[in-house]
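Notes follow the structure.
The values are calculated or read from the model by the stated rules, or taken from the named source; none is laboratory data. Computed from a prediction, not measured in an experiment: that's the story for all the values here. Please note: Cβ atoms are built from the backbone with ideal geometry, for glycine as well, and neighbour counts cover all protein chains shown. Side chains included, ligands, DNA and RNA excluded: accessible areas come from the protein's heavy atoms. Shrake-Rupley method; radii C 1.70, N 1.55, O 1.52, S 1.80 Å.
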Amino acid sequence: MWDFRTDPDFQDKLDWMETFVREECEPLDLLFPHIGQPYNTENAAARAIVKPLQQQVREQGLWACHLGPELGGQGYGQLKLALMNEIIGRSMWAPTVFGTAAPDTGNAEILAMFGTAEQKSRYLQPLLDGDIVSCFSMTEPQAGADPKEFVCAARRDGDDWVISGEKWFSSNARYASFFIVMAVTDPDASPYRRMSMFIVPAETPGIEIIRNVVVMPDREELDEGTHGYIRYTEVRVPGEAILGGPGQGFEVAQARLGGGRVHHAMRTVGKCRRAFDMMAERVLSRRTQGELLADKQMVQQFIADSWIELAQFRLLVMQTAWIIDNEPHGAARTGIAMCKVAMAKIFGDIIGRAVQIHGSLGVTTELPLYEWWTSVPSLALADGPTEVHKATVAKQVLKGYQPAAGLFPSEHIPTRRDAARARYADILKEHGLV
């Protein structure tokens, strides 16, 4: 059955989160505004503030809720996580405060699924405790996110694996205590069985961060890049460093990427709502040409379009979350891709209108709109380019259709009319209509 109501007890939790994120997490965005700081465990001042906040979250039973109770979470389904994440998405620091910061969430999930007991003790538990951060090192400079084109390889050498090659855009590499690296282990295998996934401690000899890549709106002269361009040169790890088994790299990656994409969408709902709130406040506060902006028809169109688009997108995200919770594995593939495609467009449209409504103030760094707006292209590329997911949607949807049986389309009126006349010929003849 379909039900749009939220359980009253869980709604109490959401109400607590709403207040907590506004009053406790959003101020951190102002004190430590750079996107890399939530991952910088060396920032003593930030950690002194964050640790007590994380403890409050734990006391509310809201810490790392995507993980099961055996890992300190609640094991919530995607629908509950969607309701939580649209609140968490309001603040850059909130994911760290709630134990849901990417890529650590996905890395924790695959360590829980594929890691050994020793790996879980050494890497997973400190990650869950918020004491360390991690890096997911998959994409390559010549291949982007297409695993069929990867060349970074790992070869067997006795009981060890030796990794050599380059990786591009490895998130938070400069702060990470360990890397999860995808490498080709069998170049002659089928495209999705060529690769394996390895856990590599950051201090392992042979790891070189060529540079920390700067993205909009960061500044190169201030060394604000957080995405590592990495060269692995004869990086040696023990045989048990492999996650899953040889050839399971693509499977391991998909185990984390699907959830990551829909969680991005969930948090985007929250950021869009915050931008909309700013827009609504502005149009009711600002006057021009003798009347409020809210009385201008063009402004009313901005408000209406934004509210409608946000409501549609939110329902798509919720429906996808419901499918993940209630249907067999893989059933949400099209929905996840749809969320990914819609996410950047809706975000860009609403943020763009909010900038316009705020006029010159909207394009300054005195409002968060500037940073959000410049992050739109990155959002469209995160976890795979939008165009790839559009192709996925088209292919999946078209599986439910088939070509026309005859010369003309199935909705061809003369053909259908002739069929209807043949079907009811006797009745039509009886009534003199033939």
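A residue that is more than 30 Å from residue 147 (Cα to Cα), modelled with pLDDT of 95 or more and of a type outside the set (Lys, Arg) occurs nowhere in the range 378-401. The residues of the range 57-100 that are of a type in the set (Gly, Ala, Ser) and either in contact with a His (Cβ under 9 Å, 6 or more places away or on another chain) or buried (at least 20 other Cβ atoms within 10 Å of the Cβ) (or both), listed by number, are 64, 73, 75, 82, 89, 91, 94, 99. Taking residues in the range 303-332 that are open to solvent by 40 Å² or more (accessible area, probe 1.4 Å), and partners anywhere that are among the charged types (D, E, K, R), not one pair has Cβ atoms closer than 7 Å while being at least 6 places apart or on different chains.
Conditions (1) under 20 Å from the mean Cα position of the chain (by Cα); (2) open to solvent by 10 Å² or more (accessible area, probe 1.4 Å), marked per residue:
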residue: 119; (1), (2): no, no
residue: 122; (1), (2): no, yes
residue: 138; (1), (2): yes, yes
residue: 142; (1), (2): no, yes
residue: 146; (1), (2): yes, yes
residue: 150; (1), (2): no, no
residue: 154; (1), (2): no, no
residue: 165; (1), (2): no, yes
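Quick check on this structure: which one of 252, 299, 269 is over 25 Å from the mean Cα position of the chain (by Cα) and surrounded by 14 or more Cβ atoms within 10 Å (Cβ to Cβ)? Just one listed residue meets the conditions, 299. No other residue among 177, 196 is within 26 Å of residue 109 (Cα to Cα) and either open to solvent by 10 Å² or more (accessible area, probe 1.4 Å) or touching a Phe, Trp or Tyr at 6+ places or on another chain (Cβ under 6 Å) (or both) apart from 177. Selection of first residues in the range 354-379 that are surrounded by fewer than 18 Cβ atoms within 10 Å (Cβ to Cβ) and of second residues that are of a type in the set (Val, Ile, Thr), restricted to Cβ pairs under 6 Å at least 6 apart or on distinct chains, gives the following pairs, ordered by first then second residue: 378/215. Exactly one residue out of 46, 64 is in contact with a helix residue (DSSP H, G or I) (Cβ under 7 Å, 6 or more places away or on another chain), of a type outside the set (Ser, Thr, Tyr) and not in a loop (DSSP other than H, G, I, E, B), and it is 46. Only a single item in (1) outside any helix (DSSP H, G or I); (2) out of contact with any helix residue (DSSP H, G or I) (no Cβ under 8 Å at 6 or more places or on another chain); (3) under 22 Å from residue 330 (Cα atoms) is not met by residue 388, and it is number (1).
Got at least one residue in the range 124-135 being touching a strand residue (DSSP E or B) at 6+ places or on another chain (Cβ under 7 Å) and modelled with pLDDT of 95 or more? There is at least one residue in the range 124-135 that is touching a strand residue (DSSP E or B) at 6+ places or on another chain (Cβ under 7 Å) and modelled with pLDDT of 95 or more.
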